[in-house]
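Structure first, commentary second.
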Amino acid sequence: MKPRVVILATGGTIAGISHAPAQAGYASGQVTIRQMIQSVPDLDHLAVVTGEQISNVGSQDISFDILKRLTGRINALLEQADIHGIVVTHGTDTMEETAFFLNLTVNSPKPVVVTGAMRPANAISADGPLNLFNAVAVAADSDAQERGVLVVMNDRIHGAHSLTKTNTTSVETFLSPVNGLVGTVNYGKTVYFRFPFRRHTFLSRFSDLFCTQSRVMLPRVDIVYACIDMPPDLMDCCVASGAQGIVIAGDGNGNMNQATVKKAARMAGRGVFIVRSSRVPTGTVGRNVEVDDDACGFIVSDELNPAKARILLMLALTEKPDLKTVQQLFYTY
Ligand code: ASP
């Protein structure tokens, strides 16, 4: 019997239409899930595929309301014994954030695979149809189970924790620079190299948060980008607007100028959670390297980039944790 895979569509360039096939200008989120499935007839060689439209937006417009609905729907579908896996179609701009959010909040070992495209549906050499085909192949594959949320793009299988978008236009935009790929998929043929080593999905402490019609409110956490002569008062705006946490996209190993360190330490003393991440695309941020995190009351993001660190901190703050617990979460997830 063929496995059953449900595609949940959210929009993005994979559902985009360009003004002309050889022109850069286009609008995201124009093609419906029905049309997308019809455009890849060979999908039914892999699985019995059905689709649902969750949203149809460019991923720059994905919101936490959409994400809560998405993860709630995935959790409900995967409880059904006859559903083997899920594919989420999504824009590439914030794909790594959605994949990481799902990696922490999906409550199942079954495959959940996020995919998208760099070229609109009607562009020359559109990459969406093959990405969708490969994503369905992974979602239908029993060997993909227990590997957390995966991202399939351009024949690569990435883990949600490690991948990041590295190029604004190239189809080879996603890399997993610190930990490497989970595997590859070529015209539906899968090869796996490893299991992601960070905790995820059915083992995540956040996997019950959005199981049913959830009323969980996610607290506001902001990101402040470090640079030469960084003005520390940007952080005042965040806190005045209700932020309970601030992620610093620091220079190098999560650094910021002395004025910002002082301001952030004062805020940490008043109970604002300060996480040092990095604006550098690869590498980890270590504790007490050039900044005295112990004295300042800071948390380091370890491998998580600022956007993913923000998501982990938002979920962590739903539990009213202490500093030590939050730091431990950054070493665990
Ligand atoms: N802006 C688009 C989006 O994220 C880009 C893409 O999908 O490649 O929806």
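The values are calculated or read from the model by the stated rules, or taken from the named source; none is laboratory data. It should be emphasised that the depicted structure is a prediction, and the values quoted were computed from it without experimental measurement. A quick note on method: Cβ atoms are made from the backbone with ideal geometry, for glycine too, and the neighbour counts reach across all protein chains shown.
Some notes on this structure:
- Qualifying position, being under 25 Å from Arg310 (Cα atoms) and not basic (Lys, Arg), among Ile54, Ile14: Ile54
- Pair list, Cβ < 6 Å and 6+ apart or interchain, from the stretch 79-102 residues that are within 23 Å of Phe197 (Cα to Cα) and hydroxyl-bearing (Ser, Thr, Tyr) to residues that are outside any helix (DSSP H, G or I) and near the ligand (Cβ under 10 Å from one of its atoms): Thr94/Ile62; Thr98/His90
- Qualifying residues in the stretch 55-66 (those that are of a type in the set (Gly, Ala, Ser) and crowded, with 18+ Cβ neighbours inside 10 Å) - the one farthest from the ligand (Cβ to nearest atom): Ser55
- Under the condition of being of a type outside the set (A, V, I, L, M, F, W, C) and away from the ligand (no atom under 16 Å from the Cβ), the residues counted in the stretch 67-110 number 17.
- Comparison of Val191, Val247 shows that the only residue that is modelled with pLDDT of 95 or more, outside any loop (DSSP other than H, G, I, E, B) and within 20 Å of the chain's Cα centre (by Cα) is Val247.
- The C-beta contact set for the stretch 257-278 (first residue farther than 11 Å from Cys238 by Cβ and surrounded by fewer than 22 Cβ atoms within 10 Å (Cβ to Cβ), second residue among the small types (Gly, Ala, Ser) and modelled with pLDDT of 95 or more, distance under 6 angstrom, 6+ apart or interchain) comprises Ala268/Gly297.
- Of all residues in the stretch 8-26, none that is on the phi > 0 side of the Ramachandran plot and charged (D, E, K, R) has its Cβ atom under 6 Å from the Cβ atom of a residue that is more than 9 Å from the ligand (Cβ to nearest atom) and part of a helix (DSSP H, G or I), 6 or more apart or on another chain.
- Among residues of the stretch 2-17, those that are more than 12 Å from the ligand (Cβ to nearest atom) and over 20 Å from Val112 (Cα atoms), counted: 1
- Residue within the stretch 118-134 that is more than 16 Å from the ligand (Cβ to nearest atom) and of a type in the set (A, V, I, L, M, F, W, C) present: yes
- Residues in the stretch 18-39 that are crowded, with 18+ Cβ neighbours inside 10 Å, under 23 Å from Ile86 (Cβ atoms) and more than 10 Å from the ligand (Cβ to nearest atom): Val31, Ile33, Met36, Ile37.
- Close contacts from the stretch 44-66, counting a first residue that is in a helix (DSSP H, G or I) and a second that is within 16 Å of the ligand (Cβ to nearest atom) and of a type in the set (Ser, Thr, Tyr), with Cβ to Cβ under 7 Å and a gap of 6+ residues or different chains, come to Ser59/Thr92; Ser59/Thr94; Gln60/Thr94; Ile66/Thr10; Ile66/Ser55.
- Exclusive hit being touching a strand residue (DSSP E or B) at 6+ places or on another chain (Cβ under 8 Å) and surrounded by fewer than 20 Cβ atoms within 10 Å (Cβ to Cβ), set Cys227, Cys211: Cys227
- Contacts under 6 angstrom Cβ, first residue in the stretch 221-242 being assigned to a loop (DSSP other than H, G, I, E, B), partner among the basic types (Lys, Arg), 6 or more apart: Pro232/Lys263; Gly242/Arg220
- In the stretch 109-126, the residues that are buried (at least 20 other Cβ atoms within 10 Å of the Cβ) and either among the acidic types (Asp, Glu) or under 18 Å from Arg73 (Cα atoms) (or both): Lys110, Pro111, Val112, Val113, Val114, Thr115
- Taken over the stretch 279-310, the residue count meeting the criterion of being in a loop (DSSP other than H, G, I, E, B) and surrounded by 18 or more Cβ atoms within 10 Å (Cβ to Cβ) is 7.
- Of the residues making up the stretch 321-328, none is in contact (Cβ under 8 Å) with a residue 24 or more places away in the chain, under 14 Å from Pro219 (Cβ atoms), out of contact with any strand residue (DSSP E or B) (no Cβ under 7 Å at 6 or more places or on another chain) and surrounded by 13 or more Cβ atoms within 10 Å (Cβ to Cβ).
- The number of residues in the stretch 155-172 that are assigned to a loop (DSSP other than H, G, I, E, B), buried (at least 18 other Cβ atoms within 10 Å of the Cβ) and among the polar types (S, T, N, Q) comes to 1.
- Tally of residues being of a type in the set (Ser, Thr, Tyr) and in a strand (DSSP E or B) across the stretch 81-113: 1
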